[in-house]
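Here's the structure, in structure tokens; my notes come after.
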Amino acid sequence: MSMKEMLLNDFKTAMREKNVIKKDTIQVIRAGILQIEKDKKIEVDDSIILDIISKELKKRKDVLPDYEKSGNTNAVLKINSQIEILTNYLPKQLSEDELKIIISNAINDIDGATMKDMGKIMSLVLPQVKGRADGKLVNSIIKNLL
């Protein structure tokens, strides 16, 4: 079953269960899929859907601290629920140790030892960890290893 079909089935289930947060979250993903399909005139595959989900997850993680500071507990609970729902659609996230191994291999591959090689290392690592690790975490580990 493709991600697109799975999202549709989960959307229908959320509607039947009257789970508004899950329904709205899936609807945002499906809207992103539709937007890309119309703009680029292509049929999206699972990797593009994972990109959409990752972007939506990043948006929510970025705004969460602002809502926490404002003391809006209802919004914080809703965003945390959305983060949980989006995370369930992503592949299992890599641990820091697994990322360090991948990054160390990339550093060895290009014989990189300075911060000037950061872009080269990122371009090698990011395709390998796509959807399975946060770019900020990858960036910080590379900086620590260099």
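Some notes on this structure:
- Residue 82 being outside any loop (DSSP other than H, G, I, E, B), under 13 Å from the mean Cα position of the chain (by Cα), at negative phi and polar (S, T, N, Q): yes
- Note on segment 115-146: residues that are assigned to a loop (DSSP other than H, G, I, E, B), over 27 Å from residue 56 (Cβ atoms) and open to solvent by 70 Å² or more (accessible area, probe 1.4 Å) total 0.
- Total residues in segment 32-57, condition under 18 Å from residue 79 (Cα atoms), open to solvent by 50 Å² or more (accessible area, probe 1.4 Å) and hydrophobic (A, V, I, L, M, F, W, C): 0
- Meets criteria (surrounded by 12 or more Cβ atoms within 10 Å (Cβ to Cβ), in contact (Cβ under 8 Å) with a residue 12 or more places away in the chain and touching a helix residue (DSSP H, G or I) at 6+ places or on another chain (Cβ under 6 Å)) for residue 21: yes
- The single condition among (1) under 17 Å from the mean Cα position of the chain (by Cα); (2) farther than 22 Å from residue 129 by Cβ; (3) charged (D, E, K, R) that residue 68 does not satisfy is (1).
- The set of residues in segment 99-113 being open to solvent by less than 70 Å² (accessible area, probe 1.4 Å) and either in a helix (DSSP H, G or I) or of a type in the set (Asp, Glu) (or both) consists of 99, 102, 103, 104, 106, 107.
- Here 81, 104, 70, 140 are screened, and the one residue that is touching a residue at least 24 places away in the same chain (Cβ under 8 Å), over 30 Å from residue 7 (Cβ atoms) and out of contact with any His (no Cβ under 9 Å at 6 or more places or on another chain) is 104.
- Filter result for the condition that a residue is within 20 Å of residue 139 (Cα to Cα), exposed (fewer than 12 other Cβ atoms within 10 Å of the Cβ) and under 19 Å from the mean Cα position of the chain (by Cα), over 95, 2: 95
The values are calculated or read from the model by the stated rules, or taken from the named source; none is laboratory data. Quantities reported herein were computed from a predicted structural model and do not represent experimental measurements. Ideal geometry is used to build each Cβ from the backbone, glycine not excepted, and the neighbour counts take in all protein chains shown. Note: areas computed on protein heavy atoms with side chains; ligands, DNA, RNA excluded. Shrake-Rupley method; radii C 1.70, N 1.55, O 1.52, S 1.80 Å.
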